[in-house]
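Undergrad: To start, I am sharing the structure in question, which I have written as structure tokens.
The values are calculated or read from the model by the stated rules, or taken from the named source; none is laboratory data. Predicted model only: the values in this text are computed from it and were never measured. All Cβ positions, glycine included, derive from the backbone under ideal geometry; neighbour counts span all protein chains shown. Keep in mind that these areas ignore ligands, DNA and RNA; they rest on the heavy atoms of the full protein, side chains included. Shrake-Rupley method; radii C 1.70, N 1.55, O 1.52, S 1.80 Å.
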Amino acid sequence: MKITDIAKLSGVSKATVSRVLNNSPNVKEETREKIMKIIEKNNYYPNAIARNLSKRENNSIGVIIPDISNPFFAKIVDRISIEAEKKGLNVLLCNSGEEFKNQEKFIKTLIEQRIKGIILIATRETYPKSDFLKEYIKEIPVIILDRALKINLPSVLMPNFELAYDATKLFIENGHKEIAIITGPLTERTATDRLEGYKKALLDNKLKVKKENIFYGDFNVESGYRVSKEILKNKEVTGVFVSNNLMTIGLLKAARESGYRIPEDISIFSFEEIEWGEYFGLEISAYKIPYEIMGRKAVEIKYRKIEDRNFNQKIEVDLER
């Protein structure tokens, strides 16, 4: 059913039906009620996309994430959705699958949808290609969440360098001298900052940065498991700083298979907590990710950016152990 059909059944013009659908006050109440009854009886749903295009507006924001299967991103999206609803905004979720081309395709599609703005958690390969956003931000306000980019945009990030520094320092304060690290992919600023924080803590405490204690992962479980099998061959390593919780799960699997007890045989610090760990008696130090704060701040900044295109606030959200 189309607006034309509703108009014929109601005995009014298409313009009058359109005014009712858009809640215009310039319609008699009797006419409004007549049209609404016909709409309800025929289960008519207006084409929201067409209306948005004609009005050049859309009460939605886009959220682009790199991996919907990663609990970290899923929890952030959950909080963004809750906070966006409080402001009367709908959320259109796009999963790039860590593919740069998908990410760019989604940005173009969201612009075509006339949405109000985009919250972007970029793919791993985006950092060196950050300039690609310059043309798009002329069309739509974009804010960066979690993964830093080179381009100057509003953002909600974590102080990755400082947090990795403090985690490594904690190992040293507890008597550890041979401390390994499992990094994320070094195409990503998040991973490089955590690696540099680890190195600086060692050097500041007069410990050598040993290449053989640096293991390169990709933020996924399998890479954590694979490199942990190598780490556990070195009996001198007594502590491991793991750059995210999925790789920590991989380390736990490798430790169990190798007969390592935690923390008796080896100590672990996970950048992100494993929420169910306490139910299994795991003694792992970790940071608690403030998903609620990150989601709220992202939506707040997005809302301000929509109202003022010159708004450019950058927030670092600290973490607690």
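Undergrad: What are the residue pairs meeting all of these: first residue in the stretch 1-13, first residue under 13 Å from residue 31 (Cα atoms), second residue exposed (fewer than 13 other Cβ atoms within 10 Å of the Cβ) and not aliphatic (A, V, I, L, M), Cβ atoms under 8 Å, and 6 or more apart or on different chains?
TA: Every condition considered, the pairs that remain are 6/42; 7/13; 9/42.
Undergrad: Moving on. Are there any pairs, at least 6 apart or on different chains, whose C-beta atoms fall under 8 Å, with the first in the stretch 261-289 and within 17 Å of residue 159 (Cβ to Cβ) and without any contact (Cβ under 8 Å) to a residue 60 or more places away in the chain and the second of a type in the set (Asp, Glu) and in a loop (DSSP other than H, G, I, E, B), and if so, which?
TA: 286/272; 286/273; 288/273
Undergrad: Could you please find all residues in the stretch 157-187 being out of contact with any helix residue (DSSP H, G or I) (no Cβ under 6 Å at 6 or more places or on another chain) and not aliphatic (A, V, I, L, M)?
TA: Answer for the stretch 157-187, where residues must be out of contact with any helix residue (DSSP H, G or I) (no Cβ under 6 Å at 6 or more places or on another chain) and not aliphatic (A, V, I, L, M): 159, 162, 166, 171, 173, 174, 175, 176, 177, 178, 187.
Undergrad: Of 159, 154, which residue is over 30 Å from residue 231 (Cα atoms) and either within 21 Å of the chain's Cα centre (by Cα) or buried (at least 21 other Cβ atoms within 10 Å of the Cβ) (or both)?
TA: Values: 159 fails: over 30 Å from residue 231 (Cα atoms).
Among 159, 154, only 154 is over 30 Å from residue 231 (Cα atoms) and either within 21 Å of the chain's Cα centre (by Cα) or buried (at least 21 other Cβ atoms within 10 Å of the Cβ) (or both).
Undergrad: Would you point out the residue of the stretch 80-138, among those that are among the acidic types (Asp, Glu) and in contact (Cβ under 8 Å) with a residue 40 or more places away in the chain, that is least open to solvent (accessible area, probe 1.4 Å)? Spell out how you get there, then give the answer.
TA: Our first condition is that a residue be among the acidic types (Asp, Glu); within the stretch 80-138, this holds for 83, 85, 98-99, 104, 112, 125, 131, 135.
Okay, now just the ones that are also in contact (Cβ under 8 Å) with a residue 40 or more places away in the chain, so 83, 125.
Working: 83: 15, 125: 67 Å².
Checking each candidate, the answer is 83.
Undergrad: Where in the stretch 177-260 are there strands (runs of 3 or more DSSP E), lying wholly inside it, with at least 3 residues that are touching a Phe, Trp or Tyr at 6+ places or on another chain (Cβ under 7 Å), under 26 Å from residue 146 (Cα atoms) and open to solvent by less than 40 Å² (accessible area, probe 1.4 Å)? Walk me through it before giving the result.
TA: Details: elements: 179-183, 214-216, 239-242.
Filter on the stretch 177-260 gives 179-183.
Undergrad: Of the numbered conditions (1) in contact with a helix residue (DSSP H, G or I) (Cβ under 6 Å, 6 or more places away or on another chain); (2) open to solvent by 30 Å² or more (accessible area, probe 1.4 Å); (3) under 17 Å from residue 70 (Cβ atoms), residue 275 satisfies every one except a single condition; which is it?
TA: Failing condition for residue 275: (1).
Undergrad: Do we find that residue 110 is closer than 19 Å to residue 67 by Cβ, of a type in the set (A, V, I, L, M) and within 13 Å of the chain's Cα centre (by Cα) in this structure? So that I can check it myself, show each step before the final result.
TA: On the way: closer than 19 Å to residue 67 by Cβ: yes; of a type in the set (A, V, I, L, M): yes; within 13 Å of the chain's Cα centre (by Cα): no.
No; evaluated as a whole, the condition is false for this residue.
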